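Q: Below you will find the structure I want to go over with you.
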Amino acid sequence: MNKTGLLSAALLTAAFAMPAAAQLSVEDQIEARKAAYQFMSWNMGKIKAQAVDGGVEFNADQMKAAANAIAAVANSGMGALFSPDSTMDKADDTRLKPEFFQQPEKAREVGMNFGREANKLQEVAASGDRAALARQFSAVGETCKACHDSFRAD
Ligand code: HEC
């Protein structure tokens with residue numbers, strides 16, 4: 001094989017190897033999605049404390065950072081952390097209901113609603129408007145709950 005041939009063979013191998021390398025085991029999917037939800041929950045807690053309850057002094061920069069973190073997770077392509085083999089009837093240490101794959105329209109809808117509201121949270125946090133942030137916190141929280149009600153076991 002000449003040099004160009006070798007190079008394109010190497011590139012092809014790399015191109016095909018990528019998705020396989022990015023594919024996580026079921027155990028890793030479960031671990032990563034639970035960590036992602038915990039991380040969002042931690043950041044939601046900061047917004048609740050400062051913008052909703054007021055127990056902690058409002059700090060617009062911290063609110064921006066928290067909302068950015070939530071939006072980043074929401075936009076990270078979390079769908080890759082959900083496979084049909086990772087539901088609670090087939091895997092350990094998870095509360096993902098099999099309905100997530102039996103009702104794909106519903107799953108897509110709750111996922112898209114969450115993404116939309118998380119992006120809005122980022123916009124509102126950037127504005128520094130505390131009352132608006134408190135309202136948007138509730139809107140995001142409703143989309144978290146909508147998914148839990150349908151697809152997370154108690
Ligand atoms: C698309 C559906 C969906 C959305 C949206 C969603 N969750 Fe969840 N959440 C789940 C599922 C499913 C689980 C269970 C994951 C598992 O056990 O594998 C979960 C688990 C959790 C957990 C427990 C994690 C653990 O360690 O077991 C927390 C906390 C959580 N979610 C918070 C949130 C918050 C806060 C939001 C919104 C900012 C949110 N979730 C949005 C579906 C969702």
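Values quoted throughout were computed directly from the atomic coordinates according to the rules given, and no laboratory measurement underlies them. In this text, all values refer to a predicted model and were calculated from it rather than measured experimentally. Quick reminder, even Gly has a Cβ in these numbers, built from the backbone with ideal geometry, and neighbours come from all protein chains shown.
Q: Hey, how many Å between the Cα centroid of segment 58-77 and the Cα centroid of segment 82-101?
A: Here the two parts' Cα centres lie 28 Å apart.
Q: Between Glu123 and His148, what's the calculated FRET efficiency when r is the beta-carbon distance and R0 is 25 Å? Round to 0.05.
A: 0.55
Q: Still on this structure: If you look for lysine pairs in the chain that are eight or more places apart or on different chains, how many of them have Cα atoms under 26 Å apart?
A: So the count of such lysine pairs works out to 23.
Q: Can you give me the distance in nm between label points at Ala80 and Phe39, each placed 7 Å from the Cα along the Cα-to-Cβ direction?
A: Reported label-point gap for Ala80 and Phe39 is 1.3 nm.
Q: Can you give the charge dipole size of segment 25-151 about its Cα centre, rounded to the nearest 20 debye, using +1 on the beta carbon of Lys and Arg and -1 on the beta carbon of Asp and Glu?
A: 340 debye
Q: Can you find, among Ala65, Gly54, Thr143, the residue sitting farthest towards the positive end of the charge dipole of the chain, where Lys and Arg contribute +1 and Asp and Glu -1 at Cβ?
A: Farthest towards the positive pole: Ala65.
Q: Once both axes come from the Cα atoms, what is the angle between helix 3-22 and the longest principal axis of the chain, in degrees from 0 to 90, rounded to 10?
A: For 3-22 against the chain, the angle is about 40 degrees.
Q: Note the angle between two axes, namely the Cα long axis of helix 60-74 and the longest principal axis of the Cα atoms of the chain, as a number of degrees from 0 to 90, rounded to the nearest 10.
A: Long axis of 60-74 versus the principal axis of the chain: about 40 degrees.
Q: Tell me the Rg and the Dmax, in Å, that the Cα atoms of segment 25-151 produce.
A: Calculated on Cα positions, Rg and Dmax stand at 15.3, 45 Å.
Q: To continue, here is another question. Return the FRET efficiency for the residue pair Met88, Met112: r is the Cβ-Cβ distance, R0 is 30 Å, and the value is rounded to the nearest 0.05.
A: Plugging the Cβ-Cβ distance into 1/(1 + (r/R0)^6) gives 0.80.
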